[in-house]
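I have placed the structure first, in the form of structure tokens, so that the comments after it can refer back to it.
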Amino acid sequence: MPDPATPPGAAARDGGVRPDSGPWADAAGRLTGLGVSRGRAAGPLLRMAPPPVLPAPRQVADPAAEAVTAAKALEAVTADLNRRAAAALDAGGAEAAEILEALAMMADDPMLREEAERQAREGMDAAHALDAAFTRHRDELAALGGYLAERAADLDDLKHRAVAFVLDLPMPGLPSPGHPYVLAAEDLSPADTAGLGPDVLALVTERGGPTSHTAILARGRGLPAVVACAGVMAVPDGTVVGVDGGTGEIAVGLTEEVAAEVRQAERAERARLAASTGPGRTADGHPVKLLLNIGSAKDLRPGAEGVGLFRTEFLFLDRTRAPSFEEQVSAYTEVFEQAESVIVRTLDAGTDKPLPFLGLPEEANPALGVRGLRVDRLLPRVLDTQLDAIAAAARATGREAWVMAPMVTTVEEAAAFARRARAMGIAKVGAMVEVPAAALRAGQLLREVDFLSIGTNDLAQYTFAADRQHSALADLLDPRQPALLELIALCAEAGRQAGKPVGVCGEAAGDPQLAPLLAGLGVTSLSMAPICVPAVRDALAALTLEECRQRARAALA
Ligand code: PEP
Ligand code: MG
């Protein structure tokens with residue numbers, strides 16, 4: 001293992017903004033990635049190990065000994081899960097404890113053990129015997145369908161743990177040490193990120209881009225996060241690190257005293273930001289609504305003027321069965337009850353946000369394939385059920401339903417969506433502008449819908465032909481680029497002419513340097529992760545509308 005003071009990649013990538021004084025300066029080593037979720041955290045780093053790769057089968061000299069090793073692995077996995085369940089219970093996580101106990105029972109299944117022992121006695125090495133036994137049980141469960149089929153993925157996770165034990169590799173999956181920690185991972189899926197417990201202080205990944213959905217989920221939770229951080233997986237477990245989710249700086253090898261100082265300063269900063277209130281206004285009083293991007297009612301925070309983007313697919317990321325109408329009504333009702341004005345986005349599945357219950361076919365080029373509104377071409381009932389559920393939740397709470405579709409590309413798609421949504425009783429229908437074709441036809445779109453919401457994350461991805469998850473293409477995805485700003489200006493002008501709202505709900509809206517510029521381009525609202533609201537409010541209040549317009553003109557030029 002390399003010396004934590006000089007982790008690989010530190011020298012090569014050490015060019016980011018670096019505070020040269022204060023606790024950060026005391027670090028023994030540094031790493032730099034892309035800061036994607038503001039805030040600082042400090043604590044021991046733990047790595048999420050990848051699933052083990054099964055080596056080629058080994059010639060077995062003593063089959064009985066292999067059978068014992070396989071059984072011991074299952075015992076060890078069971079004991080580890082029970083220990084983690086007890087730690088979760090101690091930390092007040094009754095639900096997490098229940099899940100871990102259920103997994104422990106699955107690992108302790110006598111039929112599973114007998115099958116692994118049988119395979120070993122017949123000549124397989126312990127790792128392959130376990131693999132074969134788990135695979136057989138998994139297939140049996142998957143064939144039963146319904147709830148049991150959902151447990152098949154759990155068996156894969158248990159298999160990886162048991163095989164890692166036999167091969168003497170670090171346990172794959174999320175660590176659960178029973179104390180707060182900084183999570184390091186090669187990469188994290190949106191479903192992994194959504195499931196992170198409160199003991200995760202910050203996350204750092206080797207891969208990933210600034211507008212990837214993993215980054216968005218971290219921001220939504222106010223969790224400091226750094227992506228594209230080369231070398232972080234070489235930092236030994238337990239090393240105390242500081243994470244600056246704004247600058248992307250990782251301080252490696254802090255003392256516990258310095259880490260405590262960082263945490264204390266962060267608590268003070270969060271209290272200061274939480275005290276900021278009031279509507280979005282430029283210095284001369286021009287209103288620009290400050291709205292929230294949320295994935296569920298849990299993300300709601302006071303201090304904003306409503307919800308500008310409710311990403312409903314975040315509710316169902318790990319589901320293998322379709323959420324029922326009733327379940328959806330209850331999830332939407334929970335949000336409507338707590339927020340007066342909410343723009344609900346219909347399910348945006350596909351690319352890095354697969355929704356397993358949709359059962360969509362694999363695609364060679366998923367970002368350009370059946371995603372967002374396009375899923376309706378294959379599965380029209382999904383949209384109808386969702387629109388019906390949103391309308392029902394709005395009626396139940398006395399709210400006016402505002403609903404928009406993701407990935408609208410043509411005026412015809414927008415018109416068809418608007419007809420269906422209105423027929424279901426949706427009051428205000430909108431289209432997201434995430435595809436250059438839609439931006440170019442903003443005026444025509446606004447003849448069909450009541451509002452537009454510009455998704456700069458995808459609009460940048462499709463304008464610059466650069467995968468938003470690609471850590472090496474972040475410069476191409478920078479929303480300051482004139483080509484993107486011109487598309488935004490076009491939409492804002494179309495909104496002005498039609499007298500209809502045009503907001504921005506991509507991550508650019510939460511950037512305090514960009515927010516005045518977007519206001520200067522003429523957008524009527526900015527929707528962002530709750531943690532971004534105070535800084536954006538301050539940035540708008542510091543400039544007049546004319547100064548915002550000057551910035552916009554300069555950027556376009
Ligand atoms: C966007 O693309 O900018 C957007 C807001 O949608 P998402 O990030 O969920 O794709
Ligand atoms: Mg999008």
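The values are calculated or read from the model by the stated rules, or taken from the named source; none is laboratory data. What you see is a predicted model; the values in this text were computed from it and never measured. Side chains included, ligands, DNA and RNA excluded: accessible areas come from the protein's heavy atoms. Shrake-Rupley method; radii C 1.70, N 1.55, O 1.52, S 1.80 Å.
A few notes on this one:
- Semi-axis lengths, largest first, of the ellipsoid equivalent to the stretch 414-557 are 24, 18, 15 Å, with √(5λ) applied to each eigenvalue of the Cα gyration tensor.
- Average projected area [Cα convex hull, the stretch 277-556], square nanometres: 13.6
- Shape index of the stretch 344-501: Rg/Rh, with Rg the Cα radius of gyration and Rh the Kirkwood radius from the inverse mean 1/r over Cα pairs, equals 0.98.
- Rg/Rh, computed from the Cα trace of the stretch 63-166 with Rh as the Kirkwood radius, has the value 1.01.
- Accessible area expressed per residue, the chain, with surrounding protein chains retained (probe 1.4 Å, Å²): 42
- Carbon plus sulfur fraction of accessible area for the stretch 277-556, probe 1.4 Å, in percent: 52
- Radius, Kirkwood style, for the stretch 348-440 when every pair of distinct Cα atoms is counted (Å): 14.0
- The chain: angle of helix 411-423 to the longest principal axis, Cα-based, in degrees nearest 10: 80
- Only lysines eight or more places from K298 in sequence, or on another chain, were considered; those with a Cα closer than 21 Å are K353.
- Area accessible to solvent at D125, 1.4 Å probe radius, in Å²: 10
- Among W402, W24, the sequence by solvent-accessible area, most first, with a 1.4 Å probe is W402, W24.
- The shape of the chain can be summarised by an equivalent ellipsoid whose semi-axes, obtained from the alpha carbon gyration tensor, come to 43, 30, 20 Å from longest to shortest.
- Where only C-alpha atoms are counted, convex hull volume of the stretch 476-557 per residue in Å³: 85
- Bridge type composition, the chain - antiparallel percent by DSSP, nearest 5: 30
- Accessible surface of M105, taken over heavy atoms with a 1.4 Å probe and every protein chain present, rounds to 150 Å².
- Per-residue SASA entry for R422, accessible area with 1.4 Å probe, Å² rounded to 10: 100
- Rounded to the nearest 500, the helix-only mean residue ellipticity at 222 nm of the chain stands at -13500 deg cm²/dmol, with each DSSP H run of n ≥ 4 adding -39,500 (n - 2.57).
- These residues, L360, L112, L440, go from largest to smallest accessible area, 1.4 Å probe, as L440, L360, L112.
- Distant-in-sequence amide contacts of M404, defined by a placed amide H-H separation under 5 Å and a gap of 5 or more residues or a different chain, comprise V344, R345, T346, G430.
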